[in-house]
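The values are calculated or read from the model by the stated rules, or taken from the named source; none is laboratory data. Computed from a predicted model, the values in this text were never measured in an experiment. All Cβ positions, even for glycine, are placed from backbone atoms using ideal geometry, and neighbour counts span all protein chains on display. Side chains included, ligands, DNA and RNA excluded: accessible areas come from the protein's heavy atoms. Shrake-Rupley method; radii C 1.70, N 1.55, O 1.52, S 1.80 Å.
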Amino acid sequence: MHLGIRDLLIRIIRMLQNNCSPSFEGLPYGILVIDREGHLKEHNRKGRQLCTHLYGVCESISALGQNKLVHSVIWSCCQRFMKIYANSPEEGFTWQENLTLEKEIQCRICINWISFGEGQFPVMLVTIEDLSETARRQAQCDAVRYGLTQREAEYWTFVCQGLSRTEITQRMYISINTFKKYARNVTLKRLSSV
């Protein structure tokens, strides 16, 4: 599990156990809190955005027709998680799955049990990480750290996102020789900073 998400989970669980209402806004991850019946208890803007704008029209996950919605793909992940950990709803178990959403967006979904307090049924904390966005942010940090030019930074962003040589040359409108030049320059700059 990504270290940033693990730290986030620990903080959220502690806040919930102390009956504090955590603020999920401003986090780089989508956050959804879903109960066993599929009711969406909490969410942040990023989580809602990933459910609505990236997936398209949301579908109800509640058999009761509640108005809080999550896409069926996320609910399917939750159902797989519950099936495996149905007899052990304890904190510490994590379900992790990588998905490709519409528009070729790569996401990592992590699901954990969390409790609001003693004697209450645990709920699922679902974190959705947009891996393309994470790679872009990492590439921006690397560009500053290694002193990359704008075009080298653009190249490095695509590399961090896992694009192939062909995809990178097409998106950047460059030749294979220019691709090789950027690859060499970035490698040398990264090695020289070590």
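Kindly indicate whether Glu97 is closer than 19 Å to Arg36 by Cβ, at pLDDT 85 or above, touching a strand residue (DSSP E or B) at 6+ places or on another chain (Cβ under 7 Å) and open to solvent by 30 Å² or more (accessible area, probe 1.4 Å).
Yes, satisfied.
Selection of the range 107-162 for residues being modelled with pLDDT of 85 or more, of a type in the set (D, E, K, R) and more than 19 Å from Leu50 (Cα to Cα) yields Asp142, Arg145, Arg151, Glu152, Glu154.
Number of residues in the range 147-189 that are assigned to a helix (DSSP H, G or I) and open to solvent by less than 90 Å² (accessible area, probe 1.4 Å): the value is 24. Restricting attention to the range 63-81, the residues that are under 20 Å from the mean Cα position of the chain (by Cα) and either over 22 Å from Asn44 (Cβ atoms) or at pLDDT 75 or above (or both) add up to 10. Sub-6 Å Cβ pairs linking a first residue in the range 153-170 that is touching a residue at least 24 places away in the same chain (Cβ under 8 Å) and of a type outside the set (Gly, Ala, Ser) to a second residue that is open to solvent by 60 Å² or more (accessible area, probe 1.4 Å) and assigned to a helix (DSSP H, G or I), at least 6 apart or interchain, are Cys160/Gln138, ordered by first then second residue.
Test Leu50 against the stated conditions and say whether it is hydrophobic (A, V, I, L, M, F, W, C), at pLDDT below 80 and assigned to a helix (DSSP H, G or I). Don't jump to the end; show me each part of the working.
Details: hydrophobic (A, V, I, L, M, F, W, C): yes; at pLDDT below 80: yes; assigned to a helix (DSSP H, G or I): yes.
For Leu50, the condition - hydrophobic (A, V, I, L, M, F, W, C), at pLDDT below 80 and assigned to a helix (DSSP H, G or I) - is met.
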